[in-house]
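Colleague: Would you mind keeping the following structure in view while I ask a few things?
Read-outs: derived from the displayed coordinates by stated rules, not from any lab. All of these numbers come straight from a predicted model, not from anything done at the bench. For neighbour counting, all protein chains shown are included, and Cβ atoms are generated from backbone atoms with ideal geometry for every residue, glycine included.
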Amino acid sequence: MSLDDYRIRWRRQAEDLTDDARVQAALVNELPVESLSEDEQEVFYDVFPFMGPSPESVAFYRQLRRRGGGVGYDKRGRLVRGLSGGRIKVLSKPKKG
């Protein structure tokens, strides 16, 4: 099977998974995931949950937190804000189930 055959197969599978053309392009590596909107990235990671952010994205956000920027969830599910020096401020804790 040629590379083009694989691309066609992936494109068909992507079309089966989502109607969003930009997400489909990211699924077949025609568009960087980082260029998707937050909503589009949510769809992308719903389709491919085993894929995480790229190493470049992880490094970018790590530096952003160390400089005192960025808000997101930590490994414990808490909403946190990055503070200078790599510290964090907990903004909210996860709700108990």
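Colleague: Based on the Cβ-Cβ distance from residue 63 to residue 42, what FRET efficiency comes out when R0 is 22 Å, to the nearest 0.05?
Modeller: 0.40
Colleague: Subtract the Cα-Cα distance of residue 34 and residue 83 from 0.36 nm times their separation in residues, and report this length gain in nm to one decimal.
Modeller: Full extension of this stretch gives 15.3 nm more.
Colleague: How would 40, 56 line up from fewest to most surrounding beta-carbon atoms within 10 angstrom?
Modeller: 56, 40
Colleague: Mind listing the Cα extents of the stretch 20-97 along all three principal axes, in Å, largest one first?
Modeller: Extents along the principal axes, in whole Å: 37, 33, 18.
Colleague: Sorting check: for 66-78, 26-38, which peptide has the highest mean count of neighbouring beta carbons within 10 Å, and how do the rest follow?
Modeller: Output ranking for 66-78, 26-38: 26-38, 66-78.
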